[in-house]
Amino acid sequence: MRTVITYGTFDLFHVGHLRILERARALGDRLVVAISTDEFNLLKGKRSVIPFASRAEIVAGLSCVDLVIAEENWDQKVSDILNFQASVFVMGGDWEGKFDELREHCEVVYLSRTDGVSSSMIKKVVGAG
Ligand code: C2G
């Protein structure tokens, strides 16, 4: 079983989120997605529009996602990788190089982002700040 793990807020879910999750899943047989809690988002300096429970329900409903867990802090990645025996850690290219230290535990793959869409762009369009 080749498990892939990835992390994110997945607020105002859009096609960029879907594409990276599908591409991450294609790198293995199982995809675990850690979704930032509302509290952790505040630590990240982001206020999520959609509450954690709904963001988790949307991502868990995707056929390419096998398991959703909570991301509560910056430091849980190593224990998550070990706990779920992840072979691959995936993030979008905007995080390129930021998680290279995880190469000690698993492959680290940065996938290109989808241009032209982001949660912050959607927030601006709908006037959610
Ligand atoms: N993403 C993408 N294309 C976009 C927007 C986002 O490929 N147009 C990717 C990001 O690169 C990331 C994932 O989708 O890999 C989730 O993006 P966010 O929800 O913005 O997550 P972020 O706030 O970057 O949180 O510990 C890591 C953090 O939790 C990442």
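Some values worked out for this structure:
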{"quantity": "Residue satisfying condition, being within 15 Å of Ile5 (Cβ to Cβ), more than 14 Å from the chain's Cα centre (by Cα), loosely packed, with under 15 Cβ neighbours inside 10 Å and of a type outside the set (A, V, I, L, M, F, W, C), within set Ser87, Ser54, Ser79", "calculated": "Ser79"}
{"quantity": "Hits in the stretch 21-55 (condition: more than 12 Å from the ligand (Cβ to nearest atom) and touching a residue at least 40 places away in the same chain (Cβ under 8 Å))", "calculated": "Arg25, Leu27, Gly28, Val32"}
{"quantity": "Selection status of Ile5, part of a loop (DSSP other than H, G, I, E, B) and touching an Asp or Glu at 6+ places or on another chain (Cβ under 8 Å)", "calculated": "no"}
{"quantity": "Inter-residue pairs, beta-carbon under 6 Å, first part of a helix (DSSP H, G or I) and in the stretch 74-97, second within 10 Å of the ligand (Cβ to nearest atom) and of a type in the set (D, E, K, R), 6+ apart", "calculated": "Gly93/Arg113; Asp94/Arg113"}
{"quantity": "Which numbered condition Ile58 fails, given (1) in a helix (DSSP H, G or I); (2) under 29 Å from Asp115 (Cβ atoms); (3) free of Cβ contacts under 8 Å to residues at least 12 places away in the same chain", "calculated": "(3)"}
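A short reminder: the numbers here are calculations on the coordinates, not readings from a lab. Quick caveat, the model's predicted, so the values are computed rather than measured. Don't worry about glycine lacking a Cβ; one is built from the backbone with ideal geometry, like all the others, and counts go over all protein chains shown.
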